[in-house]
Amino acid sequence: MSDKFPDHIDPLLFAERRSVLAGELNIAALERLADSVIDRSGALKVRIEFGKEGKRVTVSGHIGGDIQLECQSCLQALAWPVDISFKLSVVSSLQEAKQLDDSEPLMLDGETISLTALVEDEILLALPDYPRHPFDCIERNRSEDADYGATDSQIKANNPFSVLAKLKKTGD
């Protein structure tokens, strides 16, 4: 176990040793996630296990914690719980990736992979396209000077077409 994640690791070597990395990863270290979050302080709990299934190297793990997203309705902070479990199989070609049944492929271009990039990819894939509060936040944040709570006569008086109704010929 480790509290500080190494930047790049050899997944084949870690799988041979059946290594487990666990600790906290600062949200500030996730640069591509910066556009999606409001608050970059805090950390996520990460646990990554390396192993083998037959001859295939597997990387599985869990990411947990909370991040602050921007609600796309009211543009206010939205606490988003992160609870991601993943299982990846290390592959070196697209042919190998097509043969996978029970896990997602992790393409190994060189000898090492970036753990920070791996965790960040999993988080970005799990984020909603349009994060919003589970309640009607626009209605809740509406100001007091709006038409909210106005009576029908007040709305008719503010109707810009009421002038046209007065000009309408009634046939008299």
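A count restricted to segment 59-82 and to residues that are modelled with pLDDT under 90 and polar (S, T, N, Q) stands at 3.
Looking at segment 86-97, which of its residues are free of Cβ contacts under 8 Å to residues at least 40 places away in the same chain and part of a strand (DSSP E or B)? Passing the criteria: Phe86, Lys87, Leu88, Ser89, Val91.
Restricting attention to segment 1-10, which residues are open to solvent by less than 70 Å² (accessible area, probe 1.4 Å), at pLDDT below 85 and either closer than 21 Å to Leu108 by Cβ or among the basic types (Lys, Arg) (or both)? Residues satisfying the conditions are Phe5, Pro6.
Close contacts from segment 98-112, counting a first residue that is open to solvent by 70 Å² or more (accessible area, probe 1.4 Å) and a second that is hydroxyl-bearing (Ser, Thr, Tyr), with Cβ to Cβ under 9 Å and a gap of 6+ residues or different chains, come to Asp102/Ser89; Glu104/Ser89; Met107/Ser92; Met107/Ser93; Asp109/Ser92.
Scanning segment 28-53 for residues that are within 19 Å of Pro131 (Cβ to Cβ) and touching a residue at least 24 places away in the same chain (Cβ under 8 Å) turns up Leu30, Arg32, Leu33, Ser36, Val37, Ile38, Asp39, Gly42, Leu44.
Across segment 11-42, the qualifying residues are those that are open to solvent by 30 Å² or more (accessible area, probe 1.4 Å), part of a helix (DSSP H, G or I) and not basic (Lys, Arg), and the one among them that is farthest from Met107 (Cα to Cα) is Ala28. Restricting segment 43-59 to residues that are surrounded by 13 or more Cβ atoms within 10 Å (Cβ to Cβ) and of a type in the set (Gly, Ala, Ser), which is nearest to Asp109 (Cα to Cα)? Result: Gly51. Taking the listed residues Asp172, Asp145, Asp129, the one that is modelled with pLDDT of 85 or more, over 30 Å from Pro6 (Cβ atoms) and assigned to a loop (DSSP other than H, G, I, E, B) is Asp129, with no other qualifying.
The values are calculated or read from the model by the stated rules, or taken from the named source; none is laboratory data. No experiment lies behind these values; they were computed from the predicted model shown. Cβ coordinates were reconstructed from backbone atoms using ideal geometry, including for glycine residues, and neighbour counts include every protein chain displayed. Just the protein is used for accessible areas: all its heavy atoms, side chains included, with ligands, DNA and RNA removed. Shrake-Rupley method; radii C 1.70, N 1.55, O 1.52, S 1.80 Å.
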